[in-house]
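Working notes, beginning with the structure itself.
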Amino acid sequence: MGDTVTGNLMAELFDSGHIIDLILGLVAIEVIALALWRRWYGTGPSLCGLAATLTSGGFLLLAVRAALVDASWQWIALACSALCWRTWWIYTAAAMGDAGRHSPKEEMR
């Protein structure tokens, strides 16, 4: 009986798209924890470096959520377009020598 309840819960989380909401919430908690860590200890990624990485991931998660809830293809395309634009922006900034402000790897130093 426990497997059926767990299976039904997981099916409902995926069918409603709430699994993505849960993941986005966990990512938000992680950002807060990393920001506090940097403030207290002065090490770790900067908020600019986190934003560069997490916005791309956030757009990807939004595209997956839209697909899970059978949203119109335009919403999925919009999220994927934003993902592509943000990824292009990160790599262009890195290629132009601006990686210190936009690349998470450069921010870890």
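The values are calculated or read from the model by the stated rules, or taken from the named source; none is laboratory data. For clarity, every value in this text was computed on a predicted model and none was experimentally measured.
Restricting to segment 68-91, name every residue that is among the aliphatic types (A, V, I, L, M) and under 16 Å from the mean Cα position of the chain (by Cα).
Answer for segment 68-91, where residues must be among the aliphatic types (A, V, I, L, M) and under 16 Å from the mean Cα position of the chain (by Cα): ILE76, LEU78, ALA79, ALA82, LEU83, ILE90.
Looking only at segment 81-96, decide whether some residue is modelled with pLDDT under 95 and in a loop (DSSP other than H, G, I, E, B).
So far as segment 81-96 goes, yes, one or more of its residues are modelled with pLDDT under 95 and in a loop (DSSP other than H, G, I, E, B).
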